[in-house]
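Quick one: the structure is below, and I'll ask about it shortly.
The values are calculated or read from the model by the stated rules, or taken from the named source; none is laboratory data. Keep in mind that what you see is a predicted model, and the values were worked out from it rather than measured. Note that each Cβ is placed from the backbone with ideal geometry, even for glycine, and that neighbours are counted across all protein chains shown. Only protein heavy atoms, including side chains, enter the accessible area calculation; ligands, DNA and RNA are left aside. Shrake-Rupley method; radii C 1.70, N 1.55, O 1.52, S 1.80 Å.
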Amino acid sequence: MTYVRPKFRHPELKKNKLGYTVSYYEGALSTLCAGCGHDSISAAIVQACYDLDIEPHKVAKLSGIGCSSKTPAYFLSNSHGFNSVHGRMPSVATGANLANRELKYIGISGDGDSASIGMGQFVHVIRRNLNMLYIVMNNGCYGLTKGQDSATADPGSKNKTGHVNTFQSIDLSSLAIELGATFVAQSFSGDKKQLVPLIKAAMKHTGFAFINVISPCVTFNNNVGSTKSYDYVREHVEATGTIDFVPEMKEITTDYAEGTMEHVVMHDGSIIELHKLAQGWDPHSRISAMNAVQLAKAKNEILTGLLYMEHESQELHDMLGTTEKPLNTLGKDVLCPGAAKLRELNATLR
Amino acid sequence: MKPTDIQNPEYFHKVVDCQYACPAHTPVPEYIRLIAEGKYTEAYMINWDSNVFPGVLGRTCDRPCEPACRRGRVEEEPVAICRLKRVAADNKGDVQQHMPHGPFASNGKKIALIGAGPASLTVARDLAPLGYEIHLYDEQKKGGGFMRSQIPSFRLPESVLDEEVNYILDLGIQKHFNQYVSSLKEILEMGYDAVFVGSGAPRGRDLPDLPGRQEGAANIHIGINWLASVAFEHTSKIGKKVIVLGGGNTAMDCCRTSRRLGGDDVKVIVRSPFAEMKASPWEKEDAMHEDIPIIDNHVPKSFVIKDGKLAGMTFEKVHAVYENGKRKLVPTGDEDVFFQADDVLVAIGQENSFPWIERDLGIEFDKWNMPVVDAVTYCSTNKKVFFGGDAAFGPKNVITAVAHGHQAAISIHLACEGMDMMQRPAPHVNLVSQKMGIHEWSYDSTVSDDERFVVPQADKKVTLVNRKQEVELGFDRLHGFKEAQRCLNCDVQTVFTESKCIECDACMDICPTSCITFTVNEEEDQLREHTKVPAHNKEQELYVSDILPTKRVMVKDENVCLHCGLCAERCPTSAWDMKKFFYNVTKAVNACQQETVM
Ligand SMILES: Cc1cc2nc3c(=O)[nH]c(=O)nc-3n(C[C@H](O)[C@H](O)[C@H](O)COP(=O)(O)OP(=O)(O)OC[C@H]3O[C@@H](n4cnc5c(N)ncnc54)[C@H](O)[C@@H]3O)c2cc1C
Ligand SMILES: Cc1ncc(C[n+]2csc(CCOP(=O)(O)OP(=O)(O)O)c2C)c(N)n1
Ligand code: SF4
Ligand code: SF4
Ligand code: SF4
Ligand SMILES: [Mg+2]
């Protein structure tokens, strides 16, 4: 019985700039069902962090409850982690981020976790433009509690028991665009070629980056009639374009037809290379992005790729004017300036 | 690339690196699993069927399987395959009940085997149960060939050799020992249906032209002759100061034997650099452990004689220079060096010699005076005369001699049955799923982290005073078990069914050694660049599926697959399965059974 992963790795694994092989970014052996889309997303996160030469101890993974929310155990074993209460990951992430702005925050949630019990938290973390990557592993059901329809299940979609959903579905990406998220993308767990660069771009983004990843639940929602099955998604997927992440100072060589190519230079000098496929879509316009999503929906298509991106945005710290440094690096006298300072402050409020 | 044809048994055979590398293709992982299960008798019989001398080979084999072992590509050391064989031999129960028992109904055919080494003994074992009358000739008083006359008892106890030689002689073999065959013509005239020449490579090389060779003759010995004379107890002493010339395994046996016969100051002196010596690394280690220095880059120049007696030797110092991959030993210009010696053993190689084979018997010899032998049938240009072992293609080792013996036996049988010798019987193969549950396999899929265990040795104080005291003590059962667990079960194959795959990537993501990639199909060279980790070990195959629904193919680089079964456990649709592949080279005995089935 194999409940442990062998310790051996390919002897020719390449090291990244930090001298780590990709295996340094792995997590514990997953306990999710064999073939669960969530595991693929974990693998994509591992790949992205390795590629970006991210120091694992400078990452905090946060999640709520659900199969999806279990995944932080299965990637980045050498990072910080907080498995919070159902639907409450955003507030824990907000608190952590305010206390230490130097870490990279990866929030993992499910469609149940975000679109039902955690909806209130979800919308507010978007409004506040918290500097984090927020991934929803969206399978249209509550996997962990045996597959009940979730709020993202499409009307007409049939689940494993044969029940057909009659309620309207919540489109998390549209909602995120609407509420002012500054990076919104959609992807499919079965398409790492698209997902890995999207995660990389999102991690380089300053502000709230949201990726809604359709991630089939093989056990409860991969049946014929479900709109979140591997087969259905593959048949209906359309991409806005391809995205490539180019580390800084690398020469750009890809050759595309005039007008379809765009380079977005990120804060640290790295570049996102966008090759647009969707007609009339402008990723920097909320209206255009919203249109593209709705148009695709009308055609029964699932639009993937980058949807919207606001390059120069003010993240929460900027808006609040908080201290530049993590709280744990400030001395006691700074954090707790004493009674005199308090009196001074109170006086200004009288 | 074209989809891999897994119906061809050679594809999966090649994945079982150890078995593939073994000249006799012993089903290695199968017997290692049996050892782990404590089924020593069964493990022994798997070996006996393939390599005939498990107890001998578990101590002395050249182990071509070990450098091939996949484990050696994911960590420092391969599995101790050879020494595990010994664990089976040491702990076995009654094996004879599983062996054929005579008397066998005669088939009216008569075969002569010249030389009673491992090659001939294998032919005897394979053919006797089919009813052949077998006549075994050897000039020595007992069977075993070089296994008896050359391999010293401190590496191979006589009792172990006797036991395994006797299993064969007990099949009703007609022994003609103490009988040197001086004419093949005479043998052929005796009406044998076939003659197998397994006479080895019995002539040790000398340095006839080196100054002082004649005068010092009384104290200069040819290594292999000297070892035989020790084995047959004609020699029991040697001088205190001994020089052994040569860098192969014979030199190692000579120097270590000298240490046991009174040599206190024994040196090995070799022309080539240490790293390029022919001796196996473990043989060199064992010699050095017995306080024998190995002096490399010294070319013998002369035997020095004082008062009519050997006093030592002089050597020219050289260093190796490489030109277009060719090595040249170039004098360093330093002064020649002198080493004292009471005796010198010349162990610089052996060669074939067939003075007893007349050249007018229809057996063609090439320009090196070697018989022309077919590499598949082992038949010479005389259709009744077969060659195998060291006699066929020059000095090799025991396991190669055994492998030749099996094939020659098949040829002899086919010829005697009037069938075409080139129509070789197919191997016996079997491919069976090991799945028992979601996380359960009928093999132990967990990969052990243990490093290779060291075989314990007897104390030098004991071994150096008794030539017959075996140095290696073998693994005990516990360490045998632990070492067996290091085996990766490379015969449990990952088998892919594309029609079941939903391309969820689970197998690719879970594989600890990045073996699996889903990508667009390309020619092999490009595909090798585009696997998750570039597949640069071209000796290892790529397993490529047919085109999948997303227009990609599954490509598995077999190179460092741990056979851990995780891909199959992670696959939601059982598109991967772990199937045990059993491959057994057909021997003459089963070849006969196959014919009756057909
Ligand atoms: C010192 C030394 C150590 C070795 N150690 C190892 C080892 O550890 N492991 C290993 O795998 N291999 C070892 N080898 C090699 C191995 O012994 C041989 O490759 C192997 O025994 C060859 O088998 P064979 O059947 O071809 O013939 P042999 O074993 O050489 O047997 C040939 C027999 O034929 C007899 N014979 C020859 N001509 C005639 C004739 N005209 N009439 C009658 N009889 C005749 C000889 O007396 C001999 O008994 C060693 C070799 C040497 C020299
Ligand atoms: C406060 C609270 N309410 C309800 C639950 C029961 N519960 C556990 S997981 C889950 C739904 C998870 O769905 P989702 O977030 O989509 O995750 P998935 O398992 O589908 O990945 C629910 C309702 C809970 N754990 N805590
Ligand atoms: S129940 Fe569904 S979501 Fe949960 S692990 Fe299994 S397949 Fe994945
Ligand atoms: S058995 Fe499967 S998972 Fe394990 S190493 Fe081999 S290919 Fe990878
Ligand atoms: S786990 Fe199975 S279904 Fe999934 S990609 Fe691998 S072989 Fe295909
Ligand atoms: Mg869900």
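Just to verify a number: what accessible area does A:His86 come out at with the full protein assembly present, 1.4 Å probe, Å² rounded to tens?
Result for A:His86: roughly 70 Å² accessible.
Moving on to the next point. Express in whole angstrom the spacing between the alpha-carbon centres of region B:137-153 and region A:200-233.
What the calculation gives is 72 Å, centre to centre.
Over region B:313-459, what is the relative contact order in whole percent, taking alpha-carbon pairs under 8 Å and six or more residues apart? Could you put the intermediate results ahead of the total?
Numbers: 133 pairs, mean separation 17.0, N = 147.
Result for region B:313-459 is 12 percent.
Still on this model: Which distance in Å, rounded to a whole number, links the C-alpha centroids of region B:161-212 and region A:161-192?
Taking the Cα centre of region A:161-192 as reference, the centre of region B:161-212 is 83 Å away.
I would also like to ask the following. Within straight cross-link reach of A:Lys192, meaning Cα distance under 16 Å, which aspartates and glutamates are found once same-chain residues fewer than 8 apart are removed?
Cross-link targets: A:Asp39, A:Asp51, A:Glu238, A:Asp244, B:Glu503, B:Asp505, B:Asp509.
Further question: Normalised by the number of residues in chain B, what is the relative contact order in percent for Cα pairs under 8 Å and 6+ residues apart? Numbers along the way, then the final one.
Details: 1234 pairs, mean separation 105.0, N = 598.
Reported as a whole number, the value is 18 percent.
With heavy atoms of protein chains only and a 1.4 Å probe, what residues of region B:501-516 have at least 30 Å² less accessible area in the full set of chains than alone?
B:Ile502, B:Cys504, B:Asp505, B:Asp509, B:Ile510, B:Pro512, B:Thr513
Another question about this same structure. How would region A:22-320 be classified by its alpha-carbon gyration tensor: rounded, prolate or oblate, with rounded meaning a/c under 1.5 and the a/b versus b/c comparison settling the rest?
Details: a/c = 1.43, a/b = 1.13, b/c = 1.26.
Rounded, because the longest to shortest axis ratio a/c is under 1.5.
Just check region B:59-212 against the gyration tensor rule for me: Cα atoms, a ≥ b ≥ c as the square roots of the eigenvalues, rounded for a/c under 1.5, and otherwise prolate or oblate depending on whether a/b exceeds b/c.
Working: a/c = 2.12, a/b = 1.22, b/c = 1.74.
Oblate, since a/c reaches 1.5 and b/c is not below a/b.
Just name one of B:Val165, B:Leu113, B:Trp226: the one whose Cα is farthest towards the positive end of the charge dipole of region B:103-241 (beta-carbon charges, Lys/Arg +1, Asp/Glu -1).
My answer, from the dipole projection, is B:Trp226.
Given a 1.4 Å probe and no ligands, DNA or RNA in the count, how much accessible surface is buried by B and A, both sides, to the nearest 100 Å²?
Numbers: alone 25860 and 17300 Å², together 40510 Å².
The summed interface area works out to 2600 Å².
Right, here's the next one. Which GluC sites (Glu not before Pro) does region B:37-80 hold that lie in a coil by DSSP with at most 11 other beta carbons within 10 Å? All intermediate terms of the calculation are to be shown ahead of the outcome.
Working: sites: B:Glu37, B:Glu42, B:Glu75, B:Glu76; in loops: B:Glu37, B:Glu75, B:Glu76.
Those that pass, being in a loop and sparsely packed, are B:Glu76.
Here is a further query. Identify all lysines with a Cα-Cα distance to B:Lys109 below 17 Å; exclude those on the same chain that are fewer than 8 residues away in sequence.
Within reach: B:Lys175, B:Lys383, B:Lys384.
For B:Cys65, tell me the accessible area in Å² from a 1.4 Å probe, rounded to the nearest 10.
20 Å²
About the Cα centre of the protein assembly as shown, what is the dipole size in debye to 20, counting +1 per Lys and Arg Cβ and -1 per Asp and Glu Cβ, all else neutral? List each step's numbers first, then the result.
Values: 101 positive and 119 negative charges, 355 e Å.
That gives the protein assembly as shown a dipole magnitude of about 1700 debye.
Kindly work out what percent of the DSSP beta bridges joining two residues of region B:204-350 are antiparallel, to the nearest 5. Don't skip to the end; give the middle numbers.
Values: 19 of 33 bridges.
Just about 60 percent of them are antiparallel.
Give the carbon-plus-sulfur fraction of the accessible surface of the protein assembly as shown in %, rounded to a whole number; probe 1.4 Å, heavy atoms of protein chains only. Numbers along the way, then the final one.
On the way: 21050 of 40510 Å².
It is 52 percent, rounded to a whole number.
Is the C-alpha gyration tensor of region B:204-350 telling us rounded, prolate or oblate? Criteria: a/c under 1.5 is rounded; beyond that, a/b larger than b/c is prolate, otherwise oblate. Walk me through the numbers on the way to the answer.
Working: a/c = 1.76, a/b = 1.24, b/c = 1.42.
Oblate, because a/c is 1.5 or more while a/b does not exceed b/c.
Could you let me know the centre-to-centre spacing of region B:306-362 and region A:308-350, using Cα atoms, in angstrom?
86 Å
If you rank A:Val85, B:Val321 by how much accessible surface each has, with a 1.4 Å probe, what is the order from largest down? Present the calculation step by step, with values, prior to reporting the outcome.
Values: A:Val85 100, B:Val321 45 Å².
Result of the area sort, largest leading: A:Val85, B:Val321.
Now, a different point. Starting from the eigenvalues of the Cα gyration tensor, five times each then square-rooted, give me the equivalent ellipsoid semi-axes of region B:390-487, largest first, whole Å. Mind dumping the intermediate values first?
Details: eigenvalues 278, 201, 18 Å².
Those come to 37, 32, 10 Å.
Another one. Which value, in Å² and to the nearest 10, is the accessible area of A:Thr94 when all protein chains are kept and the probe is 1.4 Å?
20 Å²
Please sort by residue number the trypsin sites (Lys or Arg not before Pro) in region B:427-517 whose DSSP state is loop and whose Cβ has at most 14 other Cβ atoms within 10 Å.
Details: sites: B:Lys435, B:Arg452, B:Lys460, B:Lys461, B:Arg467, B:Lys468, B:Arg477, B:Lys482, B:Arg486, B:Lys500; in loops: B:Arg452, B:Arg467, B:Lys468, B:Arg486.
Taking region B:427-517 and a limit of 14 other Cβ atoms within 10 Å, the loop trypsin sites (Lys or Arg not before Pro) found are B:Lys468.
Tell me what the protein assembly as shown gives for mean residue ellipticity at 222 nm when only DSSP H runs of n ≥ 4 count, each as -39,500 (n - 2.57), the sum divided by the residue total, rounded to 500 deg cm²/dmol.
Values: 34 runs with 282 residues, N = 948.
That calculation yields -8000 deg cm²/dmol at 222 nm.
Need the per-residue list for region A:178-200: every residue with at least 40 Å² less accessible surface in the complex of protein chains than in the chain by itself, probe 1.4 Å, sorted by number.
Relative to the lone chain, where solvent access is computed with a 1.4 Å probe, region A:178-200 loses at least 40 Å² at A:Lys192.
Same structure, new question: If contacts are Cα pairs under 8 angstrom and at least 6 residues apart, what is the relative contact order of region A:22-320 in percent?
17 percent
At most 11 other C-beta atoms within 10 Å and a DSSP loop state: those are the exposed GluC sites (Glu not before Pro) I care about. Give me the longest piece of chain A that has none. Spell out each step's value before the answer.
On the way: sites that count: A:Glu102, A:Glu248, A:Glu251, A:Glu258, A:Glu312, A:Glu324.
Counting only loop sites that pass the neighbour cut-off, the longest clear stretch is A:103-247.
Of B:Met147, B:Met419, which has the most accessible area with a 1.4 Å probe, and how do the rest follow in descending order? The partial results should precede the final answer.
Working: B:Met147 5, B:Met419 90 Å².
The most accessible residue leads, giving B:Met419, B:Met147.
If you filter region B:357-421 for chymotrypsin sites (Phe, Trp or Tyr not before Pro), then keep DSSP loop positions with at most 10 other Cβ within 10 Å, what is left?
Taking region B:357-421 and a limit of 10 other Cβ atoms within 10 Å, the loop chymotrypsin sites (Phe, Trp or Tyr not before Pro) found are B:Trp368.
Give the accessible surface of region B:204-350 per residue, rounded to a whole number of Å², with probe radius 1.4 Å and ligands, DNA and RNA excluded. The partial results should precede the final answer.
Working: 6900 Å² over 147 residues.
With all protein chains present, region B:204-350 gives 47 Å² per residue.
Let me ask something else about it. For region A:52-138, build the charge dipole from Cβ charges (+1 Lys, Arg; -1 Asp, Glu) around the Cα centre, then report which of A:Ile54, A:Tyr74, A:Tyr134 sits farthest towards its positive end.
With unit charges placed on the Cβ atoms, the residue in question is A:Tyr134.
Counting heavy atoms of the protein chains only and a 1.4 Å probe, report the per residue accessible area for region B:12-171 as a whole number of Å². Write down the numbers at each step before the final one.
Numbers: 4670 Å² over 160 residues.
Heavy-atom SASA per residue in region B:12-171 reads 29 Å².
Here's something else I'd like to know. Which value, in debye to the nearest 20, describes the size of the charge dipole of region A:22-320 about its Cα centre when Lys and Arg Cβ atoms bear +1, Asp and Glu Cβ atoms bear -1, and nothing else is charged? Write down the numbers at each step before the final one.
Values: 22 positive and 30 negative charges, 216 e Å.
Dipole about the Cα centre, nearest 20: 1040 debye.
Under a cut-off of 24 Å between alpha-carbon atoms, report the lysines in cross-link reach of B:Lys460, not counting same-chain residues fewer than 8 places apart.
B:Lys237, B:Lys240, B:Lys241, B:Lys267, B:Lys284, B:Lys468
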